[in-house]
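Report on one structure; see the data block that follows.
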Amino acid sequence: MNTVVLGMQWGDEGKGKAIDYLAGAFDVVTRFQGGHNAGHTVYYQGQKVVLHVLPSGIFYPACQAVIAHGVVVQPLQLVEEINNARALGLSMQNLALSENAPLILPFHQQLDVVFEDSRYQRIGTTRRGIGPAYEDVIGRRALFIKDLLQEEVFRSKITSLAEYYQRLFTAHGHAAGSFDQTLDQYLQAGTFLKPYVSNTTNLLQHAFQDKKNILFEGAQGTLLDIHLGTYPFVTSSNTTIAGVFSGTGLSPKAVDRVIGISKAYATRVGEGPFPTELKDESGRMLRERGNEYGSTTGRPRRVGWLDLVALKYAVQVNGVDSLFLTKLDVLDELDEIQVATAYESEGGSGDRFFVHADALSRVRPVYQTLPGWQTNLGAIRCLTDLPLQVRSYLNFIEDFTGVGVSHVSLGGEREQTIEINC
Ligand code: IMP
C-alpha cells in the first residue's frame, strides 16, 4: 500500500517516530516538500537522531531513500547530515537526491533573518531560508541541484542572482553579505553530492510501475500549509496531500492510503493563532512531560488541548484514511482532559475551522471534558490492555473526525506503538 504520512497540526506531531515505525515495510521512502526546517526525531540503536532533510528510509539499507524535487536543499547542511549518518554506520548508498531540487543559498537565509527581525513580517520562522528559497522558485529565478554540478553554469547564474539580492538588501537598508567565500564551499558540496543525484521523478515512476511500496514522508503540518494553513503564519510549501504530487511527479493514482499524525494534545512553534493554547500550569506541565522543545531550533513549543475542529479540517482537506495518535502517555497524570469541539465567534458557534489568522485569532474554543486515565501507558503493548478511558478518548476522536485511529504511540521507542485494525 503506497502510503502518505502527513502532520495534522502545526508540525512536531511525532512524524519521525511514526514514519520510522512504518518505514521498514516499504521499498522506497521519499520526502516531497519542506527543507531543513523539519526535525524528525527517531531512535536508532538506542541513540536519538534528528533528521532534517534525509528521509527516515536511510535507516533501512534495503529501502531507497529519496529527496524529491519539492524539497529545498541547503547543500552544506545536507553534506553534514550525510556525514553524521555515515558516522552512525549507515552506508548511505540507498540515498537519491533530485537534480531538480531548488537550492537554499546564503542570501535566502540572510533574508529570512532580515524579515524576521523587522517588525512588519514576523512569522517566527526557523530562520533557515526556507521561505525566500521557495519565493525564488515561484519568482522563476531559482537555482537547482543540477546547476551546482556544473561549475561554470553555477558561477554565472549565481552572479546574476547575487545582483538581484544586492538590490533587495539595499532596499531594506542592509548590506548583502559577500557570497565569494561560500561559493567554493557550495561547489565542493556539489562534488560531494553528485553520486546521489538523479532524476527522482523517473526513479519514483519506475518504482510505482514495478509495484514497489512507497512511503511519502510529510514534513511540518497541515495548519502550516501555504494555501490551507493559518496564513500568514505558515511555512512556504504545500504540507498537505497536494504537495505529494507536485513535489514528486507521481499522480494521485500512486497513493493508496493517507495516514494523519496528530498528538493527543496540540503544540505550535512560532507566531500565529492557537485557539486551545494553555498559558497556565497545565500547559507548563504538558510542555515538560512531552519535552516540547523544538528539535530544529530548541525553542519551547506553545502547548494546548487537542483541537478537534482543526483536526477534522485536516482530515478532510487531506482525505485522511486513518489517524496515528502520538504522545498519549504525556496525558497519563491528568484526571480530566479537555478537547475543543466547536468555536464561538462573532458569527455564532460552530465546528467550522477558520483558516486565515485574523479570523482564527478571534474564536473562543468550546470544550468537552473527558475523564483522564491516571495510568502509566508506556509499558502497554496491546489494545485490550489500554484503560477504558483511553479507549473512550480514541472513540471520541474517531466519532468527531469520522476516521478510525489505526495507531497509538505511548512513548518514543518503536515498540511503544499499538496498531489497531480499523
Ligand atoms: P519556516 O518554515 O522556517 O519558514 O517557518 C514558518 C513557520 O513554520 C514558523 O512558525 C515555524 O516555526 C514553522 N515550522 C517550520 N518547520 C517546522 C517544523 O518542522 N515543525 C514545527 N514548526 C515548523
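The values are calculated or read from the model by the stated rules, or taken from the named source; none is laboratory data. A quick note: this is a predicted structure, and the numbers were derived from the prediction, not measured. Because the Cβ atoms are built from the backbone with ideal geometry, glycine has one as well, and the counts that use them run over all protein chains shown. We work out accessible area using only protein heavy atoms, side chains counted, and drop any ligands, DNA or RNA first. Shrake-Rupley method; radii C 1.70, N 1.55, O 1.52, S 1.80 Å.
Among the numbered conditions (1) within 14 Å of the ligand (Cβ to nearest atom); (2) in contact (Cβ under 8 Å) with a residue 40 or more places away in the chain; (3) closer than 30 Å to R155 by Cα, tell me where E99 comes up short.
(1)
Would you confirm whether or not region 26-37 contains a residue that is surrounded by fewer than 20 Cβ atoms within 10 Å (Cβ to Cβ) and away from the ligand (no atom under 14 Å from the Cβ)? Full working, then the answer.
Keep residues of region 26-37 that are surrounded by fewer than 20 Cβ atoms within 10 Å (Cβ to Cβ), which gives 27.
Now drop any that are not away from the ligand (no atom under 14 Å from the Cβ), which leaves 27.
Yes.
In region 203-212, which residue that is in a helix (DSSP H, G or I) and open to solvent by 20 Å² or more (accessible area, probe 1.4 Å) is nearest to the ligand (Cβ to nearest atom)?
Keep residues of region 203-212 that are in a helix (DSSP H, G or I), which gives 203-209.
After this cut, where a residue has to be open to solvent by 20 Å² or more (accessible area, probe 1.4 Å) as well, the list is 203, 205-206, 208-209.
Details: L203: 25, Q205: 28, H206: 30, F208: 27, Q209: 32 Å.
Selected residue: L203.
Is it the case, given these coordinates, that V53 is away from the ligand (no atom under 14 Å from the Cβ), open to solvent by less than 20 Å² (accessible area, probe 1.4 Å) and modelled with pLDDT of 95 or more?
Values: away from the ligand (no atom under 14 Å from the Cβ): no; open to solvent by less than 20 Å² (accessible area, probe 1.4 Å): yes; modelled with pLDDT of 95 or more: yes.
Considered against the rule, which asks whether it is away from the ligand (no atom under 14 Å from the Cβ), open to solvent by less than 20 Å² (accessible area, probe 1.4 Å) and modelled with pLDDT of 95 or more, V53 comes out as no.
Within region 244-271, how many residues turn out to be within 13 Å of the ligand (Cβ to nearest atom) and either of a type outside the set (K, R) or in a loop (DSSP other than H, G, I, E, B) (or both)? Show your work before the answer.
Applying the first criterion (within 13 Å of the ligand (Cβ to nearest atom)) to region 244-271 yields 261, 263, 266-271.
Now narrow it down to the ones that are either of a type outside the set (K, R) or in a loop (DSSP other than H, G, I, E, B) (or both): 261, 266-267, 269-271.
Final tally of qualifying residues: 6.
Quick check, is R141 more than 18 Å from Q220 (Cα to Cα), open to solvent by 40 Å² or more (accessible area, probe 1.4 Å), touching a helix residue (DSSP H, G or I) at 6+ places or on another chain (Cβ under 8 Å) and within 11 Å of the ligand (Cβ to nearest atom)?
Numbers: more than 18 Å from Q220 (Cα to Cα): yes; open to solvent by 40 Å² or more (accessible area, probe 1.4 Å): yes; touching a helix residue (DSSP H, G or I) at 6+ places or on another chain (Cβ under 8 Å): yes; within 11 Å of the ligand (Cβ to nearest atom): no.
In short, no.
Yes or no, residue by residue, for (1) surrounded by 15 or more Cβ atoms within 10 Å (Cβ to Cβ); (2) of a type outside the set (K, R); (3) within 16 Å of the ligand (Cβ to nearest atom):
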position: D117; (1), (2), (3): no, yes, yes
position: Q150; (1), (2), (3): no, yes, no
position: T159; (1), (2), (3): no, yes, no
position: Y186; (1), (2), (3): yes, yes, no
position: K194; (1), (2), (3): no, no, no
position: V197; (1), (2), (3): yes, yes, no
position: T200; (1), (2), (3): yes, yes, no
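Yes or no: V71 in contact with a strand residue (DSSP E or B) (Cβ under 6 Å, 6 or more places away or on another chain) and part of a loop (DSSP other than H, G, I, E, B)? Steps first, please.
Details: in contact with a strand residue (DSSP E or B) (Cβ under 6 Å, 6 or more places away or on another chain): yes; part of a loop (DSSP other than H, G, I, E, B): yes.
Considered against the rule, which asks whether it is in contact with a strand residue (DSSP E or B) (Cβ under 6 Å, 6 or more places away or on another chain) and part of a loop (DSSP other than H, G, I, E, B), V71 comes out as yes.
Could you tell me whether Y21 is over 18 Å from K327 (Cα atoms), at pLDDT below 95 and either surrounded by fewer than 24 Cβ atoms within 10 Å (Cβ to Cβ) or within 11 Å of the ligand (Cβ to nearest atom) (or both)? Lay out the reasoning, then the answer.
On the way: over 18 Å from K327 (Cα atoms): no; at pLDDT below 95: yes; either surrounded by fewer than 24 Cβ atoms within 10 Å (Cβ to Cβ) or within 11 Å of the ligand (Cβ to nearest atom) (or both): yes.
So Y21 fails the test.
Taking into account only those residues within region 213-243 that are more than 16 Å from the ligand (Cβ to nearest atom) and open to solvent by 10 Å² or more (accessible area, probe 1.4 Å), which is nearest to Y134 (Cα to Cα)?
Applying the filter and picking the extreme gives A242.
Could you grab me the full set of residues in region 225-243 that are touching a strand residue (DSSP E or B) at 6+ places or on another chain (Cβ under 7 Å) and outside any loop (DSSP other than H, G, I, E, B)? Spell out how you get there, then give the answer.
Step one: of region 225-243, the residues touching a strand residue (DSSP E or B) at 6+ places or on another chain (Cβ under 7 Å) are 239-241.
Scanning region 225-243 gives a single hit, I241.
Can you find, within region 38-49, the residue that is surrounded by the most Cβ atoms within 10 Å (Cβ to Cβ) among those that are under 13 Å from the mean Cα position of the chain (by Cα) and outside any strand (DSSP E or B)? It would help to see each step written out before you state the result.
Step one: of region 38-49, the residues under 13 Å from the mean Cα position of the chain (by Cα) are 38-41.
Next cut, outside any strand (DSSP E or B) only: 38-39.
Details: A38: 29, G39: 19.
Here the residue is A38.
Consider only pairs whose beta carbons are under 6 Å apart and that are at least six residues apart or on different chains; among these, list those whose first residue lies in region 66-85 and is within 15 Å of L103 (Cβ to Cβ) and modelled with pLDDT of 95 or more and whose second residue is of a type in the set (D, E) and open to solvent by less than 10 Å² (accessible area, probe 1.4 Å).
Hits for this filter: zero, empty list.
Here's the yes/no breakdown for (1) under 17 Å from T3 (Cα atoms); (2) assigned to a helix (DSSP H, G or I); (3) within 16 Å of the ligand (Cβ to nearest atom); (4) in contact with a Pro (Cβ under 8 Å, 6 or more places away or on another chain):
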position: V309; (1), (2), (3), (4): no, yes, no, yes
position: A314; (1), (2), (3), (4): yes, yes, yes, no
position: L323; (1), (2), (3), (4): yes, no, no, no
position: I337; (1), (2), (3), (4): no, no, no, yes
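Being under 25 Å from L193 (Cβ atoms), free of Cβ contacts under 8 Å to residues at least 12 places away in the same chain and open to solvent by less than 70 Å² (accessible area, probe 1.4 Å), is that true of even one residue in region 164-176?
Scanning region 164-176 turns up no residue that is under 25 Å from L193 (Cβ atoms), free of Cβ contacts under 8 Å to residues at least 12 places away in the same chain and open to solvent by less than 70 Å² (accessible area, probe 1.4 Å).
Filter region 42-58 down to the residues that are in contact with a Ser or Thr (Cβ under 7 Å, 6 or more places away or on another chain) and within 22 Å of L76 (Cβ to Cβ) and list them by number.
Applying the first criterion (in contact with a Ser or Thr (Cβ under 7 Å, 6 or more places away or on another chain)) to region 42-58 yields 42, 48, 50, 52, 55.
The answer is V50, H52, P55.
Exactly one condition in (1) on the phi < 0 side of the Ramachandran plot; (2) within 16 Å of the ligand (Cβ to nearest atom) is false for R289; which is it?
Just one mismatch for R289, condition (2).
Assuming P365 fulfils every condition listed in (1) under 25 Å from the mean Cα position of the chain (by Cα); (2) in contact (Cβ under 8 Å) with a residue 40 or more places away in the chain; (3) open to solvent by less than 50 Å² (accessible area, probe 1.4 Å) apart from one, which condition is it?
Exception for P365: condition (1).
Look at region 290-307 and say how many of its residues are in a loop (DSSP other than H, G, I, E, B), among the charged types (D, E, K, R) and open to solvent by 40 Å² or more (accessible area, probe 1.4 Å).
Narrowing region 290-307 to residues in a loop (DSSP other than H, G, I, E, B): 290-292, 294-299, 301, 305.
If we keep only those that are among the charged types (D, E, K, R) as well, we get 292, 299, 301.
Add one more test, that the residue is open to solvent by 40 Å² or more (accessible area, probe 1.4 Å), and what stays is 299.
Selection size over region 290-307: 1.
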